[in-house]
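A.B. asks: Please see the structure below; I have some questions.
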Amino acid sequence: MSVLLVLPIVLPLLAAALAIIAYNQRNIQRIIALGALIAVVIDAAFLLVAVERNGVQSIQMGAWAAPIGITLVVDMFSALMLIISMVTVLSVLVYAIGQPGADQDQPVFHPVYLVMTAGVALSFTTGDLFNLFVAYEITLAASYVLITLGGRREQIRSGMTYVIINLLASTLFVVGIAWVYAATGTVNMADLSGKIAQLPGGTQTALSMFLLVVFGIKAAIFPLFFWLPDSYPTARMPVTAVFAGLLTKVGVYSIIRTQTLLFPQHKPSTILLICAGFTMVIGVLGAIAQNDMKRILSFHIVSQIGYMILGLGLFSVAGVAGTVFFIFHQIPVKTALFLTTGLVEESTGSTALSKVGGMIRRTPLVAALFLLAALSLAGIPPLSGFVGKLGIIQAGLSAGEYAIIGVSLVVSLLTLFSMIKIWNGVFLGTAEDPTLRLAASEGETRLATPLLMRGATVALVGVTLAVALFAGPIFDLSERAAQGLLDPSAYIEKVLG
Amino acid sequence: MSFFSALIVAVLFAVGVYLLLQRTLSRIILGLALMGHSANLLLMVVGGRAGKSAIIGTIGSQDTVADPLPQALALTAIVISFGIIAFLLALAYRSWVLTEDDEVEDDLEDARIAQLGEAEMRRWWSRPK
């Protein structure tokens, strides 16, 4: 069974190596990448079933016993994150294969994409703080290449911001690991859980806050979010979509993992709640000020991160369960929104609200896909966003944190407002761009996009609908994940034996 | 010994931060490289006193052996930062080829939004009262 834990990391890396060998054979590269990712999705599904039946799964790499060797460990939280992110990665790969120019003239796209997948999988499965750093670096090194792939001027400019801020965060992460090691003499997270509890309170707070800053930069929480809306929109659309869906969530995952396992609390954390409030408000206000679909959605990434931190900040089973469900819904929804934006861009050549218009008549399918994903993001019942937000809000009310819950409801309304702004600008109305208007008047009523691109987007929106449809069972699993996070004794016992 | 190592860590980090806050790319990259060195050195410092290499068979008494784990961590971190700095230098070269300048550019979209905001403010102040 334990081989299941290794495959999500090893398979994509192996496939990446093979894809490099097939440097100029694009079709072979595609088959390798698709095969590897389909296998990883199946593996993640088996892993989820195994965790559901038998509890936490773990394996010691190289058979070195726990505090010394590298541990891979998957609990319910990791298993949920793993399956939804691998499904998302797979559908974006199909989309990228379908998009003209996304992978054709880029021999390195498939290898680098697979390496990024391996890095994401490793971040979700590792049980070792330093190995988490390595996982981050694998993911980031691949993402640096992906975000600058093509080498256009604005890509280089924003890619530079992205690389520098992430390299700075990585350096701080090494410093944080050094301090943790100096204080405890171990980097194994299960081992740390016991040893950090014995440290003086001040040292614990310092380590906790330092790691929060490190992961906060990666997760783009207030006040460390400014790099994100600046750098994400310039990449190719499949790349932006997968970054939007996954990379910040890896940061949030790390915040949740470290704050619950290493620095457990028994009451709502004021600093997390304040960060959450500002993240939500500033993200959504930033979105309202923008006039471009990609940039609006990029600011919404920041805003939605606030909800995740809010649920964690409550430090109750209900709150963390809401957060787990919310991340589970957010990964496919956010990615699907960017993929529909890509469809708009592919058929009109622009994503500026002022240039595009009247898309509902020409591409009704894209309009429907956007509407479903956007309403889900805003949290309209019965879509999946509603269930996640409801869980977090109920937890907040029962914890008596009324102020922050009020803020989150207002932010929800503003989210709906900016989604309507996109809807009115892009799908209703008329295009200002004369060439687009000409195309419409000449009877070209539908703008075609490649079948694979549409298919992948439909599939991913289907996933978000499935999350809404099976909200009950998934929320049960999220609750079990939250119980495992707030009472990590099973996790620690499994790792240390 | 350990004090001087710690001092070097602090000085490297301070110089790194100073360079990072500059406006030219080459300085920013040098600053990041220095901060990376500082972090790696810190990993060595937290490993405690220097000692014999921890190779099975040559170990005498327990307390004369250096802690090998931070050394392994530092080695990994050095390799990673080496690769990323090389990539960053390539990126900076590409930026120089495209813009013929070493400065970090402003974000055009941000500047545009800021201009819109300012224009809005001016209209609001000069509105008929």
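A.B. asks: Do any helices (runs of 4 or more DSSP H) lying entirely in segment A:228-330 carry at least 1 residues that are under 30 Å from residue A:195 (Cβ atoms), and which ones are they?
C.D. replies: Result: A:248-261, A:270-289, A:293-313.
A.B. asks: Which of the following residues is within 8 Å of chain B (Cβ to nearest Cβ), part of a helix (DSSP H, G or I), out of contact with any Phe, Trp or Tyr (no Cβ under 6 Å at 6 or more places or on another chain) and over 30 Å from residue B:97 (Cβ atoms): A:178, A:118?
C.D. replies: Step by step, each of A:178, A:118 is checked, and only A:178 is within 8 Å of chain B (Cβ to nearest Cβ), part of a helix (DSSP H, G or I), out of contact with any Phe, Trp or Tyr (no Cβ under 6 Å at 6 or more places or on another chain) and over 30 Å from residue B:97 (Cβ atoms).
A.B. asks: Here is a follow-up. Quick one: count up the residues across segment A:234-250 that are under 8 Å from the mean Cα position of the chain (by Cα) and not charged (D, E, K, R).
C.D. replies: Selection size over segment A:234-250: 8.
A.B. asks: Can you tell me how many residues within segment B:40-60 are assigned to a helix (DSSP H, G or I) and out of contact with any Leu (no Cβ under 8 Å at 6 or more places or on another chain)?
C.D. replies: Qualifying residue count, segment B:40-60: 5.
The rows are residues; the columns are (1) within 14 Å of another protein chain (Cβ to nearest Cβ); (2) modelled with pLDDT under 90.
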residue	(1), (2)
A:174	yes, no
A:186	yes, yes
A:203	yes, no
A:212	no, no
A:230	yes, yes
A:270	no, yes
A:276	no, no
A:280	no, no
A:285	yes, no
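A.B. asks: Given the options A:115, A:56, A:134, A:108, name the one that is within 27 Å of residue A:261 (Cα to Cα) and in contact (Cβ under 8 Å) with a residue 24 or more places away in the chain.
C.D. replies: Of the residues listed, the single one that is within 27 Å of residue A:261 (Cα to Cα) and in contact (Cβ under 8 Å) with a residue 24 or more places away in the chain is A:56.
A.B. asks: Something else now. Select from segment A:220-278 the residues that are buried (at least 23 other Cβ atoms within 10 Å of the Cβ) and either among the charged types (D, E, K, R) or in contact with a Pro (Cβ under 6 Å, 6 or more places away or on another chain) (or both) and list them in ascending order.
C.D. replies: Within segment A:220-278, A:249, A:257 meet the criteria.
A.B. asks: Taking helices (runs of 4 or more DSSP H) that do not extend beyond segment A:354-430, which have at least 1 residues that are of a type in the set (Phe, Trp, Tyr) and closer than 30 Å to residue A:266 by Cα?
C.D. replies: A:384-399, A:402-422
A.B. asks: Additional query: Residues of segment A:130-167 being within 7 Å of another protein chain (Cβ to nearest Cβ), in a helix (DSSP H, G or I), of a type outside the set (A, V, I, L, M, F, W, C) and farther than 17 Å from residue A:252 by Cα, which ones?
C.D. replies: A:144, A:153, A:157, A:159 - these are the residues of segment A:130-167 that are within 7 Å of another protein chain (Cβ to nearest Cβ), in a helix (DSSP H, G or I), of a type outside the set (A, V, I, L, M, F, W, C) and farther than 17 Å from residue A:252 by Cα.
A.B. asks: While we're here: From the list B:73, B:32, pick out the single residue that is in a helix (DSSP H, G or I) and over 15 Å from the mean Cα position of the chain (by Cα).
C.D. replies: Among B:73, B:32, only B:73 is in a helix (DSSP H, G or I) and over 15 Å from the mean Cα position of the chain (by Cα).
A.B. asks: Take segment A:149-166 and flag every residue that is touching a Phe, Trp or Tyr at 6+ places or on another chain (Cβ under 9 Å) and in contact (Cβ under 8 Å) with a residue 12 or more places away in the chain. I'd like the intermediate steps shown before the answer.
C.D. replies: Just the residues of segment A:149-166 that are touching a Phe, Trp or Tyr at 6+ places or on another chain (Cβ under 9 Å), to begin with: A:149, A:158-159, A:161-166.
Passing the criteria: A:149, A:158, A:159, A:161, A:162, A:163, A:165, A:166.
A.B. asks: Which residues, taken from segment A:450-470, are surrounded by fewer than 22 Cβ atoms within 10 Å (Cβ to Cβ), in contact with a Pro (Cβ under 8 Å, 6 or more places away or on another chain) and at pLDDT 90 or above?
C.D. replies: Answer for segment A:450-470, where residues must be surrounded by fewer than 22 Cβ atoms within 10 Å (Cβ to Cβ), in contact with a Pro (Cβ under 8 Å, 6 or more places away or on another chain) and at pLDDT 90 or above: A:463, A:468.
A.B. asks: Evaluate segment A:93-110: report whether one residue or more is outside any helix (DSSP H, G or I), within 14 Å of another protein chain (Cβ to nearest Cβ), surrounded by fewer than 23 Cβ atoms within 10 Å (Cβ to Cβ) and of a type in the set (A, V, I, L, M, F, W, C).
C.D. replies: So the first thing to find is which residues in segment A:93-110 are outside any helix (DSSP H, G or I), and the list is A:99-108.
Those still in the list that are within 14 Å of another protein chain (Cβ to nearest Cβ) too: A:108.
Checking the rest, the ones that are also surrounded by fewer than 23 Cβ atoms within 10 Å (Cβ to Cβ) come to A:108.
When the remaining residues are screened for being of a type in the set (A, V, I, L, M, F, W, C), the result is A:108.
Within segment A:93-110, one or more residues are outside any helix (DSSP H, G or I), within 14 Å of another protein chain (Cβ to nearest Cβ), surrounded by fewer than 23 Cβ atoms within 10 Å (Cβ to Cβ) and of a type in the set (A, V, I, L, M, F, W, C).
A.B. asks: Restrict the check to segment A:132-148 and report whether at least one residue is at pLDDT 90 or above and among the acidic types (Asp, Glu).
C.D. replies: yes
A.B. asks: Is it the case that residue A:199 is more than 23 Å from residue A:329 (Cα to Cα), outside any helix (DSSP H, G or I), aliphatic (A, V, I, L, M) and in contact with a Ser or Thr (Cβ under 8 Å, 6 or more places away or on another chain)?
C.D. replies: Yes; evaluated as a whole, the condition is true for this residue.
The values are calculated or read from the model by the stated rules, or taken from the named source; none is laboratory data. It should be emphasised that the depicted structure is a prediction, and the values quoted were computed from it without experimental measurement. Note that each Cβ is placed from the backbone with ideal geometry, even for glycine, and that neighbours are counted across all protein chains shown.
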